[in-house]
Amino acid sequence: MKLSSINNIPKFLLLAFLSFSCSSDLDFNQVDDLKLEPVFVANLTYFDVPANAFVDNGNEQSVIFDAQDFNPFKNSILRDDLVKTEFDFEITNTITRAYRIDLNLINKNNQNIETLTFNVPAYSGTANIHNFSEVFENQRLVLLKTTAKISFAITMAPGPPLTETSPGNLKLRSGATLYLEIEDLK
């Protein structure tokens, strides 16, 4: 009988110790001061144009044009809480011609807001990968948020003639990093 009461002493001491814990008043109003700053990375656009796309019925075409809808700012979180955006572009040219790529940001009235221009040198047998970045903040970000379409105009510079069998491609990969500040959680 004595042995079982000795085994209960550590249990009793542990229970007594746990009942004397510290506590303080909780301030649930701190949630009003909460500020979230998430960062998202997303694909923006991509194209892969073969050299023979610049040849139509045996004739070189110096310009290729493509337009697409671009409406991420219909989302209220992106429209209201976005504070900065970075566009990153990687352009690879394996065609023996230089190119100028114009990315046009167009609003809902089909007016050009801004043109981003990338000059890409001709392929000469070595790696021909070029990286470009564009940052949108403050007033420039306000303009970006009015974008409804993006278009690409690819202009080929003078150089060796291209044919239907010319090798190589012009590739563009791009992504966007979005920085948000969310303060009003009510």
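The values are calculated or read from the model by the stated rules, or taken from the named source; none is laboratory data. In this text, all values refer to a predicted model and were calculated from it rather than measured experimentally. Because the Cβ atoms are built from the backbone with ideal geometry, glycine has one as well, and the counts that use them run over all protein chains shown. Surface accessibility is based on the protein's heavy atoms, side chains included, excluding ligands, DNA and RNA. Shrake-Rupley method; radii C 1.70, N 1.55, O 1.52, S 1.80 Å.
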* Take each of the peptides 53-65, 82-94, average the number of other beta-carbon atoms within 10 Å over its residues, and list them starting from the highest. => 82-94, 53-65
* Residue-normalised accessible area of the range 48-186, given per residue in Å² at a 1.4 Å probe -> 54
* Peptides 139-148, 69-78: what's the order by average Cβ count within 10 Å, highest mean first? -> 139-148, 69-78
* Asked: Per-residue HN-Hα couplings for the range 75-83, Karplus 6.51 cos²θ - 1.76 cosθ + 1.60 at θ = phi - 60°, whole Hz, x for Gly and Pro?
  -> 6, 4, 5, 5, 5, 9, 10, 6, 10
* Pull out the extension gain between PHE65 and TYR46, defined as 0.36 nm times the separation in residues minus the alpha carbon to alpha carbon distance; nm, one decimal. => 5.4 nm
* Asked: With r defined as the distance between the Cβ atoms of HIS130 and LEU78 and R0 fixed at 25 Å, what FRET efficiency is calculated, to the nearest 0.05?
  -> 0.30
* **Whole-angstrom Cα spans of the range 39-88 along principal axes, big to small** => 51, 19, 12
* To do: In debye, nearest 20, what is the charge dipole magnitude of the range 27-116 about its Cα centre with +1 on Lys and Arg Cβ and -1 on Asp and Glu Cβ, if you could check?
  => 340
